[in-house]
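The values are calculated or read from the model by the stated rules, or taken from the named source; none is laboratory data. Every value quoted in this text rests on a predicted model; they were computed, and no experiment measured them. For neighbour counting, all protein chains shown are included, and Cβ atoms are generated from backbone atoms with ideal geometry for every residue, glycine included.
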Amino acid sequence: MKKNKIGRNQPCPRGSGKKFKKCCYGKISVDKSSNMLLPLLSEINYGSPLLNDSFFISNRVHEISAPRLLYSNLLNPEIEQIASKLTSKLIDRGQKEAIDIEKTKHAGELINLMHKGVDALNHEMLKEKLLQKKETTVPIILNELKKPQSSQFVEISIKILYFSEIDCSNDILEILQKTNLNAYTVSLLCILLGFYGVEEYVEILWKYYHYFKDRYPNETFSDGPLIGLSEICERKKESS
């Protein structure tokens, strides 16, 4: 992947507000890798949030992106369920794994399967099985999300946290304060944060949105916090 060259006098991509030469020049890689560790929220500054119609008209979610697809799955779970049932009948794949998931009784063992990687045809089954044990599953998943994880693990985790209907807002805030997360994980967690509709979360999502837009202009990580901001605004309108 081609790297972007950052001038020594340009703003540091870390989001500190300092020039690159006075911040991270010679210390970090500045390519577009989503695995690059993110800065602390306190080190990111994009001014005070200004959410109005003009902002959402000028800043739109990409037509096709992983955060947008996940968001659609959260709002319309029946579509994924139907698709999963149809494809399992048409495609002879993942049957032994499906049997293993069905037989497994302990949440910890199921989460270990998530770590190893599960066939996409069995994601829905795994999610539903873990939701049956949500009181045990959710704390384990939240703890695992404090460490770098695969994109598949994060996607399934987000679905489980959302459909569990357990208030995980404080845990998500704690996770977002960490610096050992990749951009994709943070992007998807921002979607969840938006569903809580809390005004105090606007600044966090605002910072991440602008940081992703500046730091990863050719990626779609900014969609996560933008969706979160939109959710907060919509919920505010509904309650007023």
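Of the residues making up the stretch 86-109, at least one is at pLDDT below 70, among the polar types (S, T, N, Q) and in a helix (DSSP H, G or I). All conditions in (1) touching a residue at least 24 places away in the same chain (Cβ under 8 Å); (2) surrounded by fewer than 19 Cβ atoms within 10 Å (Cβ to Cβ); (3) assigned to a loop (DSSP other than H, G, I, E, B) hold for residue 149, with the sole exception of (2). In this structure, is residue 166 part of a loop (DSSP other than H, G, I, E, B) and within 30 Å of residue 99 (Cβ to Cβ)? For residue 166, the condition - part of a loop (DSSP other than H, G, I, E, B) and within 30 Å of residue 99 (Cβ to Cβ) - is met.
Scanning for something under 26 Å from residue 116 (Cα atoms) and of a type outside the set (Asp, Glu), does the stretch 202-218 turn up at least one residue? No, the conditions are met nowhere in the stretch 202-218. Note on the stretch 159-217: residues that are more than 11 Å from the chain's Cα centre (by Cα), crowded, with 20+ Cβ neighbours inside 10 Å and basic (Lys, Arg) amount to 2. Among the residues here, residue 127 does not qualify as part of a loop (DSSP other than H, G, I, E, B), among the charged types (D, E, K, R) and in contact (Cβ under 8 Å) with a residue 12 or more places away in the chain. Annotation: residue 233 fulfils all but one of (1) within 27 Å of residue 152 (Cβ to Cβ); (2) part of a helix (DSSP H, G or I); the unmet one is (1).
Sub-6 Å Cβ pairs linking a first residue in the stretch 182-205 that is at positive phi and in a helix (DSSP H, G or I) to a second residue that is of a type in the set (Ser, Thr, Tyr) and modelled with pLDDT under 95, at least 6 apart or interchain, number zero.
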